[in-house]
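The values are calculated or read from the model by the stated rules, or taken from the named source; none is laboratory data. Since this is a predicted model, take the numbers as computed values, not measurements. Here the Cβ positions follow ideal geometry from the backbone for every residue, glycine too, while neighbour counts run over all protein chains shown.
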Amino acid sequence: MGLFDFAEGREGYYGKFGGTFLPEILHATIEELKACFRECKNDPSFWREYVELMQSYSGRPTPVTYLPNLSAKLGGAQIYVKREDLNHTGSHKVNNVIGQGLLCKRLGKKRVIAETGAGQHGFATATMAAKFGFDCTIYMGAVDVARQRPNVFWMENLGAEVVAVTDGQQTLKDAINEAMRDWVTNMADTHYVLGTACGPHPFPEMVSWFQSIVGLEAREQILAQTGKLPNKVFACVGGGSNAMGLFQGFLDDDVELIGCEAGGHGPESHQHASRLAYTDASLGVAQGYKTYFLQNEEGNMNETHSIAAGLDYIGVNPIMAYLWEQGRVRFDAATDDEVRDALRLVMSTEGLIPALESTHGFAKALQEAAKMNKDEIVLINMSGRGDKDIFTVADALDDNKWKHFISQKAAQYAQEKNS
């Protein structure tokens, strides 16, 4: 099954999901973007330029790493990890932003805007803007600004303006809304570098296309290392870009694909961001597209919660929603407690520090791997590295030494300021 072969005659739709629901004022801009994207997809030299730039600038291909200690400790399947954390800027997000940066150059735009939750997309976009010479504005919920301060520091020092959004829940969905408002106002010279595979067409397809480099590499690498395909492939799912990237390498194979959502405090708490695993979501239209959203009966969006700033999004990628309805992708959810436990285990056993988002995939993969046979293979997408989460992780793990360090630094800063 080819990824974009099931649009059923309507461009931008995957079954009943997707579409382009935007104000009329953006019609010309989105049509220009669609035309440019189609041109890029049909131009082999564009993809070659993209791959070459990812190799020379970001360090691709990222490796697939075998985890022998963890595999032996669990006593089940052999565990492998696709190392997107080794990309420049520390996550898979750079794959998409470099691709959109090249597209933006073809469009002749001089300014880019982006939304970000965990900060990795904003960090990557600011990096791309600095490299290509674009002006850059990043919208980030005020709550996420507070809990992802290291990434905010890098964005600002790379030359981007970071705008803290104080509307709504002050998280990712609110940052997207604010970025959309900016785009409407400044569409003549501005390209919106949407960070995940959501939003109006062509963004879900475009972001998935750039992220497909992950799955193409991973399929070739796992075959070279093991001589066979994995039995199960796991990836966390917020909007869905890293999962779409990895899954595309195995869509046509007899491989089970599992998307891992944010279970938060559990299904009964209603403090989570699980759209499909807990089946709390319903079909709706928001932020330019149709998919499953966490919303009430009036269509107002519910509050979400996740220990990971990048997974508390209200909707889900429309292509992924279609694949779920067709039974091609299975969804599960990891609670905050399961994520903490998995993070401790992975760090202490293998010396890897996955981002809290990525650890959702680890949490469910490790549970299932322990029950599988030793000749079976599990592949996990480590979509980002956890050093960006040091404040959140230290708090989540109740690390008293870190708390003492922060208190000391705050007292020292206050003393120096008043002296």
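Summary of computed values
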| item | result |
| --- | --- |
| Number of positions in region 85-102 that are part of a helix (DSSP H, G or I) and either at positive phi or in contact with a strand residue (DSSP E or B) (Cβ under 6 Å, 6 or more places away or on another chain) (or both) | 1 |
| Any hit, region 237-252, residues being within 21 Å of Met382 (Cα to Cα), touching a helix residue (DSSP H, G or I) at 6+ places or on another chain (Cβ under 7 Å) and without any contact (Cβ under 8 Å) to a residue 40 or more places away in the chain | yes |
| Given (1) touching a residue at least 40 places away in the same chain (Cβ under 8 Å); (2) surrounded by 13 or more Cβ atoms within 10 Å (Cβ to Cβ); (3) over 19 Å from Pro63 (Cβ atoms); (4) not small (Gly, Ala, Ser), index of the condition Lys371 fails | (2) |
| Top-ranked residue of region 253-268 - restricted to ones that are in contact (Cβ under 8 Å) with a residue 24 or more places away in the chain and charged (D, E, K, R), ranked as surrounded by the fewest Cβ atoms within 10 Å (Cβ to Cβ) | Asp254 |
| Residue, farthest from Met320 (Cα to Cα), within region 17-45, restricted to residues that are among the β-branched types (Val, Ile, Thr) and in a helix (DSSP H, G or I) | Ile25 |
| Residue within region 65-82 that is assigned by TED's automatic domain parsing to the domain that holds Leu229, surrounded by 16 or more Cβ atoms within 10 Å (Cβ to Cβ), under 25 Å from Tyr313 (Cβ atoms) and touching a strand residue (DSSP E or B) at 6+ places or on another chain (Cβ under 6 Å) present | yes |
| Hits in region 242-295 - residues which are farther than 17 Å from Ala308 by Cβ and of a type in the set (Asp, Glu) | Asp252, Asp253, Asp254, Glu256, Glu268, Asp280 |
| Residue within region 103-118 that is more than 25 Å from Cys36 (Cβ to Cβ), in a helix (DSSP H, G or I) and out of contact with any His (no Cβ under 8 Å at 6 or more places or on another chain) present | no |
| Test: residue in region 62-75 that is at pLDDT 95 or above, within 21 Å of the chain's Cα centre (by Cα) and assigned to a loop (DSSP other than H, G, I, E, B) | yes |
| Criterion (at pLDDT 95 or above, hydrophobic (A, V, I, L, M, F, W, C), surrounded by 19 or more Cβ atoms within 10 Å (Cβ to Cβ) and under 27 Å from Arg10 (Cα atoms)) met by exactly one of Leu216, Leu246 | Leu246 |
| Any hit, region 326-346, residues being surrounded by 24 or more Cβ atoms within 10 Å (Cβ to Cβ) and within 23 Å of Ile176 (Cα to Cα) | no |
| First in region 126-153 and modelled with pLDDT under 95, second anywhere and in a strand (DSSP E or B) and among the small types (Gly, Ala, Ser), Cβ under 6 Å, 6 or more apart | Ala142/Ala164; Val145/Ala164 |
| Matching residues, region 18-35, being in contact with a helix residue (DSSP H, G or I) (Cβ under 8 Å, 6 or more places away or on another chain), at pLDDT 95 or above, more than 14 Å from Val193 (Cα to Cα) and not small (Gly, Ala, Ser) | Thr20, Glu32 |
| Matching residues, region 282-293, being of a type in the set (A, V, I, L, M), under 20 Å from Leu194 (Cα atoms) and touching a strand residue (DSSP E or B) at 6+ places or on another chain (Cβ under 7 Å) | Ala286 |
| From the options Phe234, Phe247, residue that is of a type in the set (Phe, Trp, Tyr) and in contact with a Cys (Cβ under 9 Å, 6 or more places away or on another chain) | Phe234 |
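Let's see how each residue does on (1) assigned to a helix (DSSP H, G or I); (2) modelled with pLDDT of 95 or more; (3) touching a Cys at 6+ places or on another chain (Cβ under 6 Å):
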site: Ala363; (1), (2), (3): yes, yes, no
site: Gln367; (1), (2), (3): yes, yes, no
site: Lys371; (1), (2), (3): no, yes, no
site: Val378; (1), (2), (3): no, yes, no
site: Ile390; (1), (2), (3): yes, no, no
site: Val393; (1), (2), (3): yes, no, no
site: Lys403; (1), (2), (3): yes, no, no
site: Gln408; (1), (2), (3): yes, no, no
